[in-house]
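Okay, structure first, notes after.
Coordinate-derived values only; no laboratory data. Owing to the predicted nature of the structure, the values given are computational and were not obtained by experimental measurement. In this analysis, Cβ positions are derived from the backbone assuming ideal geometry, glycine residues included, and neighbour counts consider all displayed protein chains.
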Amino acid sequence: MEILQTAFMQRALIAAVLVGITAPAVGIYLVQRRQALMGDGIGHVAMTGVGLGFLLNSSPVWMATLVSVVGAVTMELIRAYGKTRGDIALAMLFYGGMAGGVLLVNLSDTGSNANLSSYLFGSLSTVSDSDVTSICVLAAFVVLVTVGLRRQLFAVSQDEEFARVTGLPVRALNLLVAVTAAITVTVAMRAVGLLLVSALMVVPVAAAQQISRSFAVTFVLAVVIGTTVTLAGTVTSYYQDVPPGATIVLLAIGAFIALTALAAPLARRRARLAETTAEQCTLEVPGSRTAADEATV
Amino acid sequence: MDPVKEPVISLRGATATLGSRPVLRGIDLTVRRGEVVALLGANGSGKSTAVRSAIGQVPLTGGGIELFGTELKRFRDWARVGYVPQRTTAASGVPATVREVVASGRLSRTKLGLLSKADRAAVARAIELVGLADRAKDSVNALSGGQHQRVLIARALASEPELLIMDEPMAGVDLASQEILAATLREQVAGGATVLLVLHELGPLEPLIDRAVVLRDGCVTHDGPPPKATGQHALPGHDHVHPHSAAEPIRTGLLT
């Protein structure tokens, strides 16, 4: 396997796998609480962080993490306390973040729009050793939260009011989801880019739930799909000269279409299985005609 | 005479507003251990707000609330309370099985810890109580409206609570499910549970109810034995649905 021998491909593959695991792991809770586009919003806000990183000559990854965590917490607070038109406030945050990023990058000496585009659309082949280290640390945190607290996060995302009455620290858990989502965005930023991050959070989950009936299976399946498409996309981009981020997202959508096509026959099979185990109707409806009645007339 | 049992819920002079509109205008409500109290009233009378304020979901602007003799602000023992919110569905954006949804009701006991064998058994018991044992592994998306309500009630029962608070558990529920819910509730009451429930009409639960509290415009207008088809219930357009007795033949209209 010559692909594994080059150092930049090793780094790219590590980053790809970590993104494939973490993005759907957080995304499932966002989809569950019907905030599928939250990742998109954070991605836009993270732009300002990248711009700030260039302007201050510090690491864009850590700056993006910092700014997107602040942005995600703000979004969560607007959602929780905002009484009037939360969507307008969120829109301001999205566009402000994007515009801020473009402006700051142009103000800096080192940054250019070409640099910016590697964050917008991802650039796996330029992932450095220090990037890999930060991605590993951040991904470990994301996995710890999303798997370790899955029961609690499930309850909070399923029915927030009920979760509050069980005495769970709902506000803290909501903020934790927001922070984890923000961190995931910056983990995935190098692989698929800020504009396509949300796709990896949402599409594998959407694909998995076409054929699953339980949350646990959806979770595992979404992570498997996420990892498969990020790996396949990275390998494809190595052999064919195509951008990895876009390839990964298109593969994920392909998986969604394939599983949707598979869902209908699968549901029919389940129905047939249920039919053989369930008893037929035996209730006699008075007054209804049977074949025997017809014969006596 | 029976010694007076200790109050489990007590609202004293509770006032609350939604926006700028006063919804509760000084409500006194006491539910004692073992009682089954129905909160009745028209839409907008404040009955939902009253129960939601009792569990801290609606902040009061005046008055006080105690649960099990503890000021609500200091109350932490949520495993003693089973809450059934007003919902038409138990589903969310991602598929989940009946067992997964019901298990989330056990979190008031396990908190941030893991599910033990005893916890799993309690979840299975709660599912069995509402007659959904054979559907435990099915997605809640595949259930009927009445079955959704049964899932929500099983979720509240999973923590084995002493107090059940239910907000319109019978809304949109077919008769078969209403009977099952009534039977489930009867078992809980027989086991010593205290129940406060918001109802639109008494229906099949009528024989279980010790006391009815009727609200109108955020004030208590009746507190005593359940009203017999007077007031709210005698109003035109207030439909009562009763099960047909088994002996009654099904009329098709073709022969008459």
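Tell me which DSSP H helices of chain A clear both cut-offs, 30 Å or more of axial length from alpha-carbon atoms and a mean Kyte-Doolittle hydropathy of at least 0.5.
Numbers: long enough: A:7-32 (38 Å, 1.59); A:60-81 (31 Å, 1.27); A:86-107 (31 Å, 1.53); A:170-192 (32 Å, 1.70); A:215-239 (36 Å, 1.60); A:244-277 (48 Å, 0.97).
For chain A, where a helix must reach 30 Å along its axis and average at least 0.5, the hits are A:7-32, A:60-81, A:86-107, A:170-192, A:215-239, A:244-277.
Dividing the Cα convex hull volume of segment A:2-195 by residue count, how many Å³ per residue is that?
On the way: hull volume 21.0 nm³, N = 194.
Dividing the Cα hull volume of segment A:2-195 by its residue count gives 108 Å³.
Quote the FRET efficiency, to the nearest 0.05, computed for A:Thr236 versus A:Leu144 with a Förster distance R0 of 25 Å and r equal to the Cβ-Cβ distance. Each step should come with its number before you reach the end.
Details: r = 31 Å, r/R0 = 1.23.
It comes to 0.20.
Give me the percent of Cα-Cα pairs in the protein assembly as shown that sit more than 30 Å apart, rounded to a whole number. Walk me through the intermediate numbers first.
Values: 90419 of 152628 pairs.
Across the protein assembly as shown, Cα pairs with separations above 30 Å total 59 percent.
I want to verify a result. In a Gaussian network model of chain A, Cα cutoff 10 Å, which of these has the top mean-square fluctuation: A:Gln32, A:Gln240, A:Gln158?
Maximum fluctuation in the GNM of chain A, among the listed residues, is at A:Gln240.
Helix-derived [θ] at 222 nm for the protein assembly as shown: sum -39500 (n - 2.57) over DSSP H runs of at least 4, divide by residue count, nearest 500?
Working: 19 runs with 292 residues, N = 553.
Value at 222 nm, helices only: -17500 deg cm²/dmol.
Taking 0.36 nm per residue of separation and subtracting the Cα-Cα distance, what length does fully extending A:Ile88 through A:Glu2 add? Numbers along the way, then the final one.
Values: separation 86, 0.36 × 86 = 30.96 nm, distance 5.06 nm.
My answer for the length gained is 25.9 nm.
What is the spin-label model distance, in nm, from A:Ile253 to B:Thr89 if the labels are put 7 Å beyond Cα along the C-beta direction?
Each label point lies 7 Å from its Cα, and together they span 2.6 nm.
Would you grab the residues whose amide H sits under 5 Å from the one on B:Leu215? Only those 5+ places off in sequence or on another chain, please, with H modelled 1.01 Å from N.
Hits under the 5 Å cutoff: B:Leu40, B:Gly41, B:Thr221.
Scan around B:Val36 for amide H atoms under 5 Å from its own, H built in the peptide plane at 1.01 Å from N, and keep only partners 5 or more places away or cross-chain.
B:Val195, B:Asp210, B:Arg211
Using modelled backbone amide H atoms (1.01 Å from N, in-plane), which distant-in-sequence or interchain residues come within less than 5 Å of B:Val8's amide H?
So B:Val8 has HN proximity to B:Val31, B:Arg32, B:Arg33.
To one decimal place, what orientation-averaged projected area in nm² is obtained for the convex hull of the Cα set of chain B? Numbers along the way, then the final one.
Values: hull surface 70.7 nm².
Quarter of the Cα hull surface area: 17.7 nm².
Taking only C-alpha pairs under 8 Å that are 6+ residues apart, what is the relative contact order of segment B:191-230 in percent?
On the way: 26 pairs, mean separation 11.5, N = 40.
About 29 percent, as a whole number.
Largest first and in whole Å, give the semi-axes of segment B:22-79's equivalent ellipsoid, each being the square root of 5 times a Cα gyration tensor eigenvalue. Walk me through the numbers before you get to the answer.
Values: eigenvalues 75, 46, 20 Å².
Over the Cα atoms of segment B:22-79, the ellipsoid semi-axes are 19, 15, 10 Å.
What length, rounded to one decimal in nm, is gained on full extension from B:Arg76 through to B:Arg120, with 0.36 nm per residue of separation minus their alpha-carbon distance?
Values: separation 44, 0.36 × 44 = 15.84 nm, distance 2.30 nm.
Result for the pair: 13.5 nm of gain on full extension.
Provide A:Val70, B:Val130 in ascending order of the number of other Cβ atoms located within 10 Å of each residue's Cβ, fewest first.
Ranked by crowding around the Cβ, least crowded first: A:Val70, B:Val130.
Run the count for segment B:7-234, please: Lys pairs, Cα-Cα under 27 angstrom, 8 or more apart or on different chains. It would help to have the intermediate numbers written out before the result.
Working: B:Lys47/B:Lys73; B:Lys47/B:Lys228; B:Lys73/B:Lys111; B:Lys111/B:Lys137; B:Lys117/B:Lys137.
Final tally of qualifying lysine pairs is 5.
Between B:Leu112 and B:Lys137, take the C-beta separation as r, use R0 = 25 Å, and let me know the FRET efficiency to the nearest 0.05. Working shown, then result.
Values: r = 26 Å, r/R0 = 1.04.
Plugging the Cβ-Cβ distance into 1/(1 + (r/R0)^6) gives 0.45.
Which residue fluctuates most in the GNM of chain A (Cα springs below 10 Å): A:Thr227, A:Thr48, A:Thr110?
Of A:Thr227, A:Thr48, A:Thr110, the Gaussian network model singles out A:Thr110 as fluctuating most.
Sum up the charges of everything whose Cβ sits under 14 Å from the Cβ of B:Ala121, counting Lys and Arg as +1 and Asp and Glu as -1, but leave B:Ala121 out. Show your work: numbers first, answer last.
Numbers: positive: B:Arg99, B:Arg106, B:Arg109, B:Lys117, B:Arg120, B:Arg125; negative: B:Asp119, B:Glu128, B:Glu160.
Computed value for this residue: +3.
In percent, how large is the relative contact order of chain A, given Cα pairs closer than 8 Å and 6 or more residues apart? Can you show the working numbers first?
Details: 436 pairs, mean separation 83.9, N = 297.
Answer for chain A is 28 percent.
Which of B:Ala42, B:Val213, B:Trp78 sits farthest toward the positive end of the charge dipole of the protein assembly as shown, with +1 on the Cβ of Lys and Arg and -1 on the Cβ of Asp and Glu?
Farthest towards the positive end: B:Trp78.
Given a Förster distance of 35 Å, report the FRET efficiency between B:Ser20 and B:Arg211 from their Cβ-Cβ distance, rounded to the nearest 0.05. Walk me through the numbers before you get to the answer.
Values: r = 33 Å, r/R0 = 0.93.
With R0 = 35 Å, the Cβ-Cβ based efficiency is 0.60.
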